Amino acid sequence: MRPKRFWSPCPPSGLPVPWKVVSAGLIFLGCLAGGLQSGRVQAEEPAKAQFVDLSLMVAPEFPCSWPGAGPGFQINHYRRIGPLSAYNSDILTLDENVGTQFDGPTHSVAPPDSGKPNAGPYGLVSGDKVPAWQFVGEACVLDLRKLLDTAPNGHSSLVEASHVQAWEQRHRSLQFGDAVLFYSGFSDRYYRSFPSGRRFVADPLEGRTPGWPDPSPQAMEYLATRKVMTLGTDSPSMGPIPGPIAEETHYAGLKHGMIWTEGATRLGKLPATGALYCTVGLKHSQGIGAESRAFAIVGQPLAGQLIESARNKRVVDLSVLLADNLPVWWPGKGVGNNRHPYLRSIIPPYGMKLHHLDSHTGTHLVPPAYALPPPGFDNQTYAPEVRQWLSAYERRFGKRGTSRVTTEQVPLSQTCGWARVIDVRHLIGTTSKEQWPVSPEITPAHIQEYEGKHGPLKRGEIVIFRSGYSDRYFKPFPEGDRFMADPLNGRSEGWPAPGPEAVVYLAERGIRCVGTDGPTLGGADPRRALMTYWALGSRGLVGVESLIGLGEVPQRAYFIFAPIKIRDSHGGPGRALALY
């Protein structure tokens, strides 16, 4: 699917810049000199790596949900910029197996004390407990296109151990740290909008057309002997059809603790070996897997450095857990001003979980269209208070931009790169109760102080503010009210957050993505928060909010964040990792 053409917000010069031109300069984020173990970020090198998105577009007219399992994917644009809201946001309804997704061991393995025949130790490893290193590895692409559409209607051609062994003879032996990807071209050919989209899943299940090629249980057992723990397929499921063989294949791999991506696409864009493969799914508590984003980084030396980190398990998960008893959605001030809460229900007879959530739930992306209205927007549509804020903002920072850049249009190269973690823990406790609701503000001076100690920020790096706030206050309710509800209602100090001046400074330094371990990049004061978001969007920056565990990230680390690829979403739930 070809992305839409669109324009970025106007830069300070007032001249529109094609977003593709902006993103071209971000293809290789970060300053690359020496290995991951070197102590300081050094001079920039020419772009030598590219990001290959391997994820299906999630939208209502595509076959992104398993037919018959629940209501299918839905998006409701329930918050729109206007008199009632200064922001756009959405309610997402999606299940664990929507679009591109990953399966965790508990998809098929029961707990060891359950007494069930499919019980085993990996029956305790749900999607949220999969170790972070297992989401990344060296892509080993098995070209199986000769198997496509060679089986009878309603049946899958089987990928056998002999196919894997033939690949090894041509390339090298598989080993721990590899991500084996089964490339048949199925999703490339058949993932289409309805009605032709029925050919992707429904028609094969009805026996009208051939099924997708997939591995046999014996192939899974062979891969287990090679210590392969991460796989992927460009079919809608890792299970061949018909009948019980699908579950046999699942169990044959998952009982060894494997995980895999289902519904990948464009695997033919990767070399047979040498690319870093990454699949990052939402961190649902006790999930059998999750909605995911799959992509690859191709090109040396970056891919090789990150592969080495993956093989040595030098990977940190920086994402908050998603659960209905945790503060993962915006509570708002007062009563009735909350965003849609995080809710789950069970889909019978599959046992899959259906998720209902706001697009800014948990660890998530903030695209420009979250706070920026579309071109042609009449500012008089804002509430009177917001019009006053806008007037003050534009006197200080120039015209607020406009944007249609939603989550799926933000390049992965913009949300991945060498991290610069700026410690702002000293700001905690620097406001007085009389000022609340307010957040300690991160200013350009704080950033410059960091630069004086660690070297200047460089174009394309990811700046992340570490306050320790989520480590301290992200807890189950009622203690969890301290995370957002109490600060918003003036019962406690807010989280440290950058003001618009800090955002402008970062933009001038060439930073295009900013992260925080606070709930949001906007603080507890609604006026300053909105100005921060206007500054972000108007200068083409995106944000990653509600990170956790930043104390585990060393000075030299590569940050990865990828949201679910949902069309027209004004936020992006996702997963954040750091490789070092």
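The values are calculated or read from the model by the stated rules, or taken from the named source; none is laboratory data. Every value quoted in this text rests on a predicted model; they were computed, and no experiment measured them. With ideal geometry, Cβ positions are generated from the backbone for all residues, glycine too; neighbour counts draw on all protein chains shown.
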- Query: If you check I288, I307, which single one turns out to be in contact with a His (Cβ under 9 Å, 6 or more places away or on another chain) and not hydroxyl-bearing (S, T, Y)?
  - Reply: I288
- Item | strands (runs of 3 or more DSSP E) (entirely within the stretch 47-96) containing at least 1 residues that are under 17 Å from the mean Cα position of the chain (by Cα), crowded, with 22+ Cβ neighbours inside 10 Å and in contact (Cβ under 8 Å) with a residue 12 or more places away in the chain | 50-53, 89-95
- Would you check which residues across the stretch 158-193 are over 19 Å from E138 (Cβ atoms), outside any helix (DSSP H, G or I) and touching a Ser or Thr at 6+ places or on another chain (Cβ under 6 Å) and list them? L158, E160
- Note on the structure: Per the filter on the stretch 450-469, residues under 25 Å from V320 (Cα atoms), outside any loop (DSSP other than H, G, I, E, B) and in contact (Cβ under 8 Å) with a residue 60 or more places away in the chain are I462, I464, R466
- Would you check if G263 is among the small types (G, A, S), within 30 Å of R170 (Cβ to Cβ) and without any contact (Cβ under 8 Å) to a residue 40 or more places away in the chain? no
- Task: Given the conditions (1) of a type in the set (D, E, K, R); (2) in contact with a Gly (Cβ under 9 Å, 6 or more places away or on another chain); (3) under 24 Å from L84 (Cβ atoms); (4) not in a loop (DSSP other than H, G, I, E, B), report the number of the one that E408 does not fulfil.
- Result: (3)
- Item | Qualifying positions in the stretch 97-109 - assigned to a loop (DSSP other than H, G, I, E, B) and aromatic (F, W, Y) | none
- For the stretch 501-528, name all the residues that are in contact with a Gly (Cβ under 7 Å, 6 or more places away or on another chain), surrounded by fewer than 24 Cβ atoms within 10 Å (Cβ to Cβ) and under 22 Å from V410 (Cα atoms). G510
- Note on the stretch 218-251: residues within 21 Å of N97 (Cα to Cα) and part of a loop (DSSP other than H, G, I, E, B) are M229, D234, S235, P236, S237, M238, G239, P240, I241, P242, G243, P244
- Query: What strands (runs of 3 or more DSSP E), lying completely within the stretch 257-362, carry at least 2 residues that are within 30 Å of S184 (Cα to Cα) and hydrophobic (A, V, I, L, M, F, W, C)?
  - Reply: 259-262, 275-281, 289-298, 352-358
- Look at the stretch 184-201 and say how many of its residues are free of Cβ contacts under 8 Å to residues at least 12 places away in the same chain and under 23 Å from P215 (Cα atoms). 2
- Task: Could you check the stretch 526-580 for strands (runs of 3 or more DSSP E) lying wholly inside it with 1 or more residues that are among the aromatic types (F, W, Y)?
- Result: 558-563
- Query: Among all residue pairs at least 6 apart or on different chains, which show Cβ distances below 7 Å where the first residue, located in the stretch 557-569, is in contact (Cβ under 8 Å) with a residue 24 or more places away in the chain and surrounded by 24 or more Cβ atoms within 10 Å (Cβ to Cβ) and the second is among the hydroxyl-bearing types (S, T, Y) and not in a loop (DSSP other than H, G, I, E, B)?
  - Reply: F561/T415; A562/T415; P563/T407; K565/S55; I566/T407; S569/T407
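Condition check ((1) modelled with pLDDT under 95; (2) within 25 Å of the chain's Cα centre (by Cα); (3) farther than 18 Å from T532 by Cα; (4) part of a loop (DSSP other than H, G, I, E, B)) across all residues:
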position	(1), (2), (3), (4)
P437	no, no, no, yes
A445	no, no, no, no
Q448	no, no, yes, no
D471	no, yes, yes, no
P476	no, yes, yes, yes
D481	no, no, yes, no
G494	no, no, no, yes
- Item | Condition check for R396: among the charged types (D, E, K, R), part of a loop (DSSP other than H, G, I, E, B) and over 30 Å from V315 (Cα atoms) | no
